[in-house]
Amino acid sequence: MKRTALKTATYSVMHLTVAFAVAYVLTRDWRAALAIGMVEPLFQTVAFAIHERVWSRIDLKAGQRSAETGTLAVAGRSATS
């Protein structure tokens with residue numbers, strides 16, 4: 001769990017840095033870049049959480065279908081067992 005938390009933290013720092021850098025290159029205004037660099041990762045995090053929930057539901061439905069049909073669900077696809 002500590003490794004996951006550390007990876008999440010370092011990814012967040014990297015994401016903030018990249019968002020700030022790209023915004024600065026495009027605007028040449030550090031205030032606008034800082035605002036974009038702080039806001040964009042927040043929205044991206046929410047979008048990722050929604051994305052993960054959708055994929056979890058897809059995986060759950062695939063698992064239910066495979067249980068009903070007697071097939072093996074592998075990475076969102078089913079293979080005959």
Problem - Close pairs from region 51-64: first free of Cβ contacts under 8 Å to residues at least 24 places away in the same chain, partner assigned to a helix (DSSP H, G or I) and among the basic types (Lys, Arg), Cβ under 9 Å, at least 6 apart - result: none
Practice task
Kindly indicate whether residue 73 is modelled with pLDDT under 85, in a helix (DSSP H, G or I) and either over 24 Å from residue 9 (Cβ atoms) or of a type in the set (Lys, Arg) (or both).
Solution key: no
Practice task
Report yes if some residue within region 40-48 is in a helix (DSSP H, G or I), surrounded by 11 or more Cβ atoms within 10 Å (Cβ to Cβ) and in contact with a helix residue (DSSP H, G or I) (Cβ under 6 Å, 6 or more places away or on another chain); otherwise report no.
Solution key: yes
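The values are calculated or read from the model by the stated rules, or taken from the named source; none is laboratory data. Quantities reported herein were computed from a predicted structural model and do not represent experimental measurements. Using ideal geometry, Cβ is built from the backbone for each residue, glycine included, and neighbour counts are taken over all protein chains shown.
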